[in-house]
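What follows is a single structure, written as structure tokens, with notes after it.
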2 protein chains.
Amino acid sequence: MSCAFVAGVGMTRFGRFPERFIKDIGAEAVLEAIRDAGVNPAEIEVAYCGHTRGGSTVCQRILNEIGISGIEMVNMEDACASGSAAFRYAYLAVANGMADVVLAIGVEKLSDKIKGVIPPRKDDLEGLFGRIMPSVFAMIAKRHMYQYGTKVEHFALVSYKNHLNAVKNPRAMYRKELSVEEILNSPVICEPITLYQCTANADGAAAAVVVSERKIKQLGKLPVRIAASVLCAGGARVEDWDYTVSLSTVNASRRAYEEAGIGPEDLDVIELHDCFSVAELVHYENLGLCPKGEGARFIEEKRSYINGDVAVNPSGGLLSKGHPLGATGLGQVYEVVQQLRGNCGERQVENARVGLTHTMGGGVSGLESGACAVHILVR
Amino acid sequence: MSCAFVAGVGMTRFGRFPERFIKDIGAEAVLEAIRDAGVNPAEIEVAYCGHTRGGSTVCQRILNEIGISGIEMVNMEDACASGSAAFRYAYLAVANGMADVVLAIGVEKLSDKIKGVIPPRKDDLEGLFGRIMPSVFAMIAKRHMYQYGTKVEHFALVSYKNHLNAVKNPRAMYRKELSVEEILNSPVICEPITLYQCTANADGAAAAVVVSERKIKQLGKLPVRIAASVLCAGGARVEDWDYTVSLSTVNASRRAYEEAGIGPEDLDVIELHDCFSVAELVHYENLGLCPKGEGARFIEEKRSYINGDVAVNPSGGLLSKGHPLGATGLGQVYEVVQQLRGNCGERQVENARVGLTHTMGGGVSGLESGACAVHILVR
């Protein structure tokens with residue numbers, strides 16, 4: 001396989017834009033990514049668009065807005081990992097020699113579709129009995145507390161850090177510093193998870209232009225290389241299943257480290273799937289940043305802060321930047337690329353050279369996740 | 001690129017099954033394809049699922065039903081060409097050496113979602129003013145009549161042939177022979193298109209197992225090779241645009257012929273996108289089966305009948321087999337593979353060796369189609 005590089009990224013602010021069409025939201029991010037890459041729109045050979053609720057032919061509708069037509073376009077869905085799936089297939093198209101210039105888009109408009117929690121489908125028996133996302137993560141939190149002595153304050157600390165980071169991110173949805181006390185005293189959603197420890201549905205889009213080695217040299221851009229790309233569904237639940245472990249995250253990240261030839265200790269910046277505060281804490285462990293059961297200590301010692309061992313969610317993460325489902329994976333790519341380029345101003349991670357994105361999608365009855373995507377980017 | 005082969009196919013009957021879950025409909029087709037291929041479910045390395053309205057993580061939900069988990073799964077959407085997109089990516093995964101055994105699924109359950117015509121989206125200005133599918137194809141019909149002297153009877157003949165074919169297809173939705181008179185006298189949907197010249201929304205699923213050369217030899221199956229795979233969006237409308245031409249079909253089929261090293265005269269069997277009777281007639285021309293303007297003569301001379309020059313839609317096509325949007329492309333693959341294997345009983349095309357599938361997806365304001373997929377299969 002050939003090398004593939006990110007030549008350009010674009011992103012709207014994440015938030016609620018009920019008055020905008022999804023195609024306009026998407027086009028804003030695409031235009032920024034194309035300009036950032038310095039490519040001509042006519043050079044784009046293939047385009048992938050990740051979304052979950054945009055309706056039919058979203059990719060086509062977005063690109064029609066900016067005069068791109070006739071090329072191969074595919075819309076991809078893997079729940080909250082949809083944008084990451086689009087990014088992976090852009091990577092594959094270049095790595096497999098199908099094309100020199102490929103566009104990946106992630107977009108979502110939820111403000112006119114879902115208020116609060118995503119309701120279970122009528123064929124989701126467990127969901128109908130209450131096993132929806134907040135309950136799942138509340139059980140994970142409870143179990144982690146039981147097994148490892150983790151306290152509710154540790155979960156709240158994650159949310160505190162991410163809200164602090166988002167204050168410095170002009171594209172984040174929530175840019176307000178919250179104290180640990182405020183976080184713990186916010187309304188209980190599903191005990192021990194409180195409101196300010198949940199991500200918020202959002203509208204928004206992000207995009208990336210992925211190019212071949214030949215093209216990145218021609219463009220004269222700082223080469224941000226895609227060193228690993230892994231996408232897998234969750235494993236089946238088994239008898240000895242540990243509720244505090246995301247097996248798909250463990251498997252996907254180990255494969256990605258091997259593919260990139262690095263270890264977790266080499267990472268400078270991570271954007272990971274903090275749909276709830278507890279998710280980030282357990283993913284410290286799942287990604288191998290610390291031993292199993294030591295997630296609480298990891299956040300307590302501020303090792304995931306911007307100036308810690310590895311900056312986790314310097315953008316504010318899903319918790320504060322907002323979570324436009326299909327756009328989230330490419331929003332993570334946007335942040336990591338800008339960090340590796342040194343473009344992040346007040347929230348810049350010093351001398352960031354190696355970054356990782358991690359996105360989880362969905363949850364199927366009997367599976368721990370519908371999709372898990374891990375990408376490693378290196379400058 | 002390596003060679004890729006279809007080792008197994010499966011398909012439900014197309015029809016209306018409001019009492020079934022989409023995951024059950026999909027699982028039925030997948031199980032048949034897996035058994036037909038003779039592979040172990042655990043051998044499947046990647047799975048793609050095409051659908052347009054099944055909700056989030058349909059691929060995961062279907063495969064969870066039959067105990068497949070942990071592998072890469074991506075849901076793909078390209079309107080009515082969604083199943084063909086899934087088939088193309090299964091082909092690419094094998095051709096690019098990513099995997100030896102890949103599953104492509106197409107599935108849809110429309111009976112609880114859409115009655116009659118698909119309504120326009122609120123951001124589709126032209127659709128809101130009446131430019132929906134029946135109107136578009138009525139305009140194509142009118143223009144063809146004006147430019148080439150085609151008569152309404154010619155369009156009706158297409159529908160007559162496809163209904164006749166479907167009588168011999170136990171998996172078709174409508175299995176009733178209709179006379180040209182009955183077709184012309186059925187209620188007018190959009191003049192000159194009458195009810196029996198429109199495809200019908202349906203529920204259903206189809207699936208294919210795509211494998212490498214090494215694997216097809218090991219399985220000892222008749223090798224049906226994927227000789228060409230092309231997917232592209234429609235071109236932008238231009239000043240001198242001819243309403244009777246589908247540029248994306250012209251372009252995709254020419255590229256496919258080149259890729260396969262064959263011409264239209266080599267085709268024995270075709271499953272093409274006859275969403276309306278007029279569509280099949282103009283696609284005779286678009287696919288190069290006859291010169292421009294001679295589609296009427298082509299059907300009049302019965303050259304597209306099962307015993308004609310090339311059997312077009314021996315399954316009954318979208319007009320009679322039914323049109324479960326995301327499943328249609330793989331339903332076409334099912335028919336062509338069974339024809340190449342000589343498994344089609346009363347509707348068998350004698351000594352079929354080369355087959356083509358053609359699927360069109362969507363229509364975006366200002367574009368003539370959202371997606372066009374052409375595959376060529378050879379035994």
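Derivation of every value follows stated rules applied to the coordinates shown; laboratory data play no part. Predicted model, so just to flag it, every value in this text is computed and none were measured. All Cβ positions, glycine included, derive from the backbone under ideal geometry; neighbour counts span all protein chains shown.
Distances between copies of residue B:187, taken at a point 7 Å out from Cα along the Cα→Cβ vector and listed shortest first: 4.7 nm. Here's how it looks for residue A:39: its modeled amide H is under 5 Å from none belonging to a residue 5 or more places away or on a different chain.
What do you get for trypsin sites (Lys or Arg not before Pro) in region A:119-168 restricted to DSSP loop and a cutoff of at most 16 other Cβ within 10 Å of the site's Cβ?
Numbers: sites: A:121, A:122, A:131, A:142, A:143, A:151, A:161, A:168; in loops: A:121, A:122, A:131, A:151, A:168.
Taking region A:119-168 and a limit of 16 other Cβ atoms within 10 Å, the loop trypsin sites (Lys or Arg not before Pro) found are A:122, A:131, A:151.
Each copy carries a label point for residue B:222 at 7 Å from Cα along the beta-carbon vector; from one copy to the others these points are 5.9 nm apart, nearest first. Taking each DSSP H run with n ≥ 4 as -39500 (n - 2.57) and averaging over every residue of the protein assembly as shown yields -10500 deg cm²/dmol at 222 nm. Sorted ascending by nearby beta carbons within 10 Å, beginning with the fewest, A:232, B:290 become B:290, A:232. Between B:206, B:81, B:228, the residue with the greatest mean-square fluctuation in the GNM of chain B (Cα pairs under 10 Å linked by springs) is B:228. Remark on chain A: A:3, A:80, A:190, A:198, A:232, A:275, A:290, A:344, A:372 stand apart, with no other cysteine beta carbon under 4.7 Å. Measuring how big region A:1-151 is from its alpha-carbon positions, Rg and Dmax come out at 18.8, 57 Å. What the Kirkwood sum gives for chain A is a hydrodynamic radius of 20.2 Å, with every pair of different alpha carbons counted.
Let me check I've understood the local charge: for residue B:190, count other residues with C-beta under 13 angstrom from its C-beta, Lys and Arg +1, Asp and Glu -1. What total comes out?
+1
Sorted fewest first by neighbouring Cβ atoms within 10 angstrom, B:146, B:243, B:91 come out as B:146, B:243, B:91. Can you pick out the pairs among A:109/A:161; B:23/B:113; B:161/B:321; B:151/B:292 whose Cα atoms lie more than 19 Å from each other? Check vs 19 Å cut-off fails for A:109/A:161.
Tally Lys and Arg at +1 and Asp and Glu at -1 over the other residues with C-beta under 14 Å from the C-beta of residue B:177: what net charge comes out?
Residues near residue B:177 contribute +2 overall.
The rotation axis that maps chain B onto chain A passes nearest to the beta carbon of this chain B residue, listed with its distance in whole angstrom: B:96, 2. Annotation for region B:183-237 versus region A:199-272: alpha-carbon center distance of 35 Å. Within the listed set A:68, A:306, A:118, the residue fluctuating most in the Gaussian network model of chain A (springs between alpha-carbon atoms under 10 angstrom) is A:118.
Summarising the label geometry, the points placed 7 Å from Cα in the beta-carbon direction at residue A:40 and residue A:147 lie 5.6 nm from one another.
Taking a temperature of 10 °C and a viscosity of 1.306 mPa s, what whole-number D in µm²/s does Stokes-Einstein yield for region B:273-338 with Rh from Kirkwood over alpha carbon pairs? Using the Kirkwood radius from Cα pairs, D works out to 129 µm²/s. Copy-to-copy spacing for residue B:113, label 7 Å out on the Cα-to-C-beta vector, in nm, shortest first? Those label-point separations list as 1.2 nm. For residue B:189, the amide hydrogen comes within under 5 Å of the amide hydrogens of B:194, B:195, counting only partners 5 or more places away or on other chains and with H modelled in the peptide plane.
By the count of other C-beta atoms within 10 Å, a proxy for reagent exposure, A:139, A:76 are ordered fewest to most as A:139, A:76.
Taking a point 7 Å out from the Cα of residue B:218 in the direction of its Cβ, the residues of region B:24-52 whose backbone N falls within less than 13 Å of it are B:38-45. For residue B:292 and residue A:245, a Förster radius of 60 Å and the Cβ-Cβ distance give a FRET efficiency of 0.45, rounded to the nearest 0.05. Under 5 Å from the amide H of residue A:227 lie the amide H atoms of A:376, A:377, A:378, each residue being 5 or more positions distant or on a separate chain, with H modelled from the backbone and absent for Pro and chain starts. Annotation for region B:120-179 versus region B:11-68: alpha-carbon center distance of 30 Å. The eigenvalues of the Cα gyration tensor, multiplied by 5 and square-rooted, give region B:315-379 an equivalent ellipsoid with semi-axes of 26, 13, 8 Å from largest to smallest.
Here each label is just a point 7 Å from Cα along the line to Cβ, and for residue A:255 and residue B:266 those points are 3.6 nm apart.
Using the scaling law 2.2 N^0.38 Å as the reference, what is the normalised Cα Rg of the protein assembly as shown? Working shown, then result.
Details: Rg = 25.9 Å, N = 758, 2.2 N^0.38 = 27.3 Å.
Relative to the 2.2 N^0.38 Å estimate, the protein assembly as shown comes out at 0.95.
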